[in-house]
Every structure is written in structure tokens, then in C-alpha cells.
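These notes are about the structure you will find just below.
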Amino acid sequence: MPTQVEDYRSPKVTVVGAGNVGGMLAQRIAKQNLADVVLYDIVQGKPQGIALDLLQAHTISDLDRQIIGTNDYSDTKDSDIIVVTAGLPRKDGMSRNDLLRINASIVKDVVQSTISLSPNAILLIVTNPLDVMTYLAWQVSGLPPQRVIGMAGVLDAARFQTFIAMELKISSADIYTTVLGGHGDLMLPLPRLSTVNGVPITELLSQEAITRLVERTRNGGAEIVQLLQNGSAYFAPSAAVNVMVESIISDRHRVLPAAAYLTGEYGLRDIFMGVPVQLGRQGAEKIVELKLLDEELAALHASAASIQANINLL
């Protein structure tokens, strides 16, 4: 007796914002064969041109994922994940918080327009100021908080990891770093919980070096903005989002640092900020609560207070 085969629908990821981060992310998702991609932007022709270029590149590489560029939100219908990269980018001398009011209106419009068409989607927010925009997206979307996640921790941890590798002149593959808190000047890289093959970096680096690397991590985005003079980072941010997309689409349950909704963890409530999160098909499935020293917990609460102050401005 023939077995009935269920209809298979390829996973679908919508990337809102066809700038450098969005375009690079679309390329990474399709190249890894994770999902079909819809690239949306308000600029006429831009997402279509990027999508066509990517399709031609993937033809050369023998890849078959569908990539659609569009200015029509209806093409995003029934997305599994919606990644919001749209917003004003940082410019030299501009803090993430300077972007607050401008990007709040953009995120609000994007979330309302996409979630109405994809009510079962998971939202991944990339727009800065990250933690505040993630909270706003949750409020606007009406989704359970587990299905709204901010990308920052993966990127911040990677920057800390890179700087440690450069300092010690070793492979970054042997380094694991822990960064908590908001995606801003008060983020909390944790040297005590950052290791080289299990050895804490506090045993390998001087306190002066660690302090310098922590500060460089906090200013990692601004350093790139200053060097580029006309633009901001996009290779590393797109790679960071892609890791999160992959863990969700493939239901890998990876524990990654991300901005998640806290309901008492670390003594904090009703706020999105960077903590270790288990990511799978249900979104932020579990928050891992690390045992922090008193001074580390105080620094985390200071970061949360800064985020809350900006939420109050919305």
C-alpha cells in the first residue's frame, strides 16, 4: 500500500533591508542551503538587482536555493524567520542610541507589515540600538517573547575572541568567549568565563591586556566605522545572524549569546538583553543563567538600566 507523502515546503527566511548586512546575509543563507530567501527593501530595484546577482553567482557555484528581491511585503508571506536589518546605519561619531527615534519608526512599520503576513514567524532583530529595538519589535508584534530575539551577543563574543587571538597569536578556533549585557558601551565581556581550550584568559594575559581587549570589544563596531569612514561592519554581523538562523531552521538547540526576554533571570524582568540562549525551532527555548560574581552582576544591572532608560524614551 503506497505511503502518503506529506507536502514539503522549503523553509523561508525574509531579510528586510537590502543593505550590506542584508545582502550578505541572503548570500550566506542560500549558500548554506538553509532556506529560500526573500530580500525586501523600499528602494525600487535594489533588492531585485542583488537577488539577480546572487542567483547568477549561485548558478556558477551549482546552488539552487530560491532568492527573491522585492519591494512588496506580500512576497514575504508565510516566512519562518523574519530578519530585520532595516534602519539608519551608524556614522562616525554617532552612538547606537543616537539612532533610537529614527530606527524605532522603521522597525515598528516593518514588524507590523511582516508579522501580519507571517504570524507564525520568529523575529530576529539586527537594527540598532539593538536591545531597545528588540523590545519594541516584541511589543508591536504581539508575539510570545520567545519568538523575538536580538542579534548582538554572537557578534560581540566573536570580536572579543578575535582580539584575544590577535593578542596571544593563536588560532581563534581554540578560544571561547562570554559576553553578556546590552549591545553598547556597557556590554559585559567576562574574562573569567572566556577560555583557551578550557584555560581562563586570566591565566594567560595580564590585567592590563585584558582591560584593553575588553574596551576594544565594547568599541568594536565604532572602530570599524571610524576606519571605513563611510560605512559600518557587515561581514561579521551577517555571519553572526546566519549562525542564529541556522540554529533555528535546523533546530540545533545551540546555546548562543543573544538578546532575549528576561523574566527574573539574573534578577531582571521585562527587558531584552544579551544572555546565553538555547535557540531552536521554537525560538529562544531556554535561557542559561550563569553564576556571576557580585561585581559582574552589578555591571550587568548597570547595562540593563541603560537599556531601560532608552526604552522609556520610546
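Each reported figure results from applying straightforward, stated rules to the coordinates on display, with no laboratory input. Model, not experiment: these values are computed from the prediction. Reconstructed Cβ throughout: ideal geometry from the backbone, glycine too, with neighbour counts over all protein chains shown.
When a/c reaches 1.5 or more, the comparison of a/b and b/c decides; with that in mind, is the stretch 153-311 rounded, prolate or oblate per its Cα gyration tensor? Taking the square roots of the gyration eigenvalues as a ≥ b ≥ c, the stretch 153-311 is rounded. Going by neighbour counts of Cβ atoms within 10 Å, the residues Glu167, Glu215 line up, fewest first, as Glu215, Glu167. Between Glu285 and Leu186, the contour length at 0.36 nm per residue exceeds the alpha carbon distance by 33.1 nm. This model, with +1 at the C-beta of Lys and Arg and -1 at the C-beta of Asp and Glu, gives the stretch 12-150 a dipole about its Cα centre of some 340 debye. Within the same chain, aspartates and glutamates fewer than 8 places from Lys12 are excluded, and of the rest, those with a Cα less than 13 Å from its Cα are Asp36, Asp75, Asp78, Asp80, Glu246.
A dipole drawn for the chain from +1 and -1 charges on Cβ atoms has a positive end, and of Gly220, Gln48, Ala258 the residue lying farthest that way is Gln48. Each residue of the stretch 22-27 was assigned a 3J(HN,Hα) from its phi angle through the Karplus expression (A = 6.51, B = -1.76, C = 1.60, θ = phi - 60°), giving x, x, 5, 5, 4, 5 Hz with x at Gly and Pro. If only the Cβ of Lys and Arg carry +1 and only the Cβ of Asp and Glu carry -1, the dipole of the stretch 156-243 around its Cα centre is close to 60 debye. Rounded to whole numbers, the Karplus 3J(HN,Hα) couplings from phi for the stretch 67-82 are 10, 10, x, 8, 10, 10, 4, 4, 5, 8, 3, 6, 6, 7, 9, 10 Hz, using 6.51 cos²θ - 1.76 cosθ + 1.60 with θ = phi - 60°, and x at Gly and Pro. Extension gain, Leu227 to Asp294, is 20.5 nm, computed as 0.36 nm per intervening residue step minus the present C-alpha separation.
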